[in-house]
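Please read the structure below before turning to the comments.
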Amino acid sequence: MKIWIDILTPKQLLFSEPIIKKLKKKHDILCTSREYREVTELAKIRNLDLIFVGKHGGGKNFDKLMKGTDRIKKLTKLVYRYNPDLLISFQSPEASRVAFGLGIRHIGFADSAHATAVMKLTVPFLDKLLIPWIMEKEKFAKFGIIEKNIIQYKAIDAAIISKRKISKHLEIEKKKKIVIIRMAEEHASYNKFSNESITPIIKEILKELPDFRIIVLARYIDQIKFLKNKFRNKIEVPSKVVDSKSILRYADVFIGSGGTMTAEAAFLGIPTVSYSKNNDYDVDVFLEKRKIVVRESDPKKIPKIIQNLTSSNNSNYKLKIQKLMKSMEDPIGVLEKILNF
């Protein structure tokens, strides 16, 4: 079978990597992506062969539309020549439109029902949709797919991602306790954060925990420039893209805005704080209820939480996570069962 896989984000790249390796053993695979700083660099780090078609549209609706339209045109020509039997995507608006237009069967993965704009542009075009078991089918069915075509798998994507092997580890000197902070996805259509959202949190940590080392992982070049101009040498902001697992292993505490890296850090056994106020993130809510992730959006309260997390024995915390991960299944097995639907 000829299978086309479209990858748009770092999370999608890491989640799809084992899928690609497994399917390549029996099928012919075409992997496409778009020019997008973190994906482009992460593909090199992970030695993943992608064909880059089009560019990321940035944060403005007009630019998203123009870049998306251009990508549809370019993908159409490439995919028409390749003539795949199936598309596997992770809610790609451009790939969804191309597959529908060319009559290509389409299986999608999704764990972000809160991303309504993307859901509206992809879910109606799917033949089958795979989602984590913690999410209700109704949340996705409302976008235009019947529930019998939604298949749940007992796993959380970030847990699957956290199991990957790292070929090259970063070497970081560990003289102080380290707090790693992930900037928000400010260019997403559903996002309500800006660069300034993280500023009060960093300021409070610098003031209350001067002995801690702060490393901030930015997503975009403008975020890197903003942080370096704002905080100078008070914090560290890597200029190069890194494989998150290679740097998270040094973290004593991780602080994120919710989403994949927040959950990944938790599944790696790192005490984790989410500063998101959004209750639409099903994975965040699930992990918070099980006391695996602490939710706190008040910057003044976060230093105290960090102190508590780093001073307590977290062996029970790690055992809880290990037990949860052992109960999960491999979503590749679920996917393989429906390849020939």
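Assorted remarks:
- Within segment 137-173, being touching a Ser or Thr at 6+ places or on another chain (Cβ under 6 Å) and not in a loop (DSSP other than H, G, I, E, B) holds for one residue alone: ALA158.
- Neighbours by Cβ (under 9 Å, 6+ apart or cross-chain): first from segment 113-140, assigned by TED's automatic domain parsing to the domain that holds PHE100 and more than 13 Å from ASP280 (Cα to Cα); second among the hydroxyl-bearing types (Ser, Thr, Tyr) and in a helix (DSSP H, G or I): LEU121/SER96; THR122/SER96; VAL123/SER96; PRO124/SER96; PHE125/SER96; LEU126/SER96
Conditions (1) at pLDDT below 90; (2) within 15 Å of THR262 (Cβ to Cβ); (3) surrounded by fewer than 18 Cβ atoms within 10 Å (Cβ to Cβ); (4) within 19 Å of the chain's Cα centre (by Cα), marked per residue:
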position	(1), (2), (3), (4)
SER194	yes, no, yes, yes
PRO200	no, no, yes, no
LYS207	no, no, yes, no
PHE212	no, no, no, no
ASP222	no, no, yes, no
PHE226	no, no, no, no
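- Within segment 296-328, the set of residues being surrounded by 15 or more Cβ atoms within 10 Å (Cβ to Cβ), without any contact (Cβ under 8 Å) to a residue 40 or more places away in the chain and among the polar types (S, T, N, Q) comprises just one member, SER297.
- Strands (runs of 3 or more DSSP E) contained in segment 1-70 and holding at least 2 residues within 25 Å of LYS245 (Cβ to Cβ): 2-6, 28-35
- Single match in LYS277, LYS301, LYS291, LYS318 (criterion: in the same structural domain as ILE205 (by TED's automatic domain parsing) and within 18 Å of ILE180 (Cβ to Cβ)): LYS318
- Residue match in segment 122-132 (condition: outside any strand (DSSP E or B), buried (at least 19 other Cβ atoms within 10 Å of the Cβ) and at pLDDT below 95): no
- The listed residues are SER89, SER96, and the only one of them that is under 19 Å from the mean Cα position of the chain (by Cα), of a type outside the set (Val, Ile, Thr), buried (at least 20 other Cβ atoms within 10 Å of the Cβ) and under 14 Å from TRP4 (Cβ atoms) turns out to be SER89.
- The conditions of being under 26 Å from LEU48 (Cβ atoms), surrounded by 21 or more Cβ atoms within 10 Å (Cβ to Cβ), of a type in the set (A, V, I, L, M, F, W, C) and at pLDDT 95 or above are met by ILE160.
- Condition check for ALA113: surrounded by 19 or more Cβ atoms within 10 Å (Cβ to Cβ), hydrophobic (A, V, I, L, M, F, W, C) and at pLDDT below 95: yes
The values are calculated or read from the model by the stated rules, or taken from the named source; none is laboratory data. Computed from a predicted structure; not experimentally measured. Neighbour counts run over all protein chains shown; Cβ positions are idealised from the backbone, glycine included.
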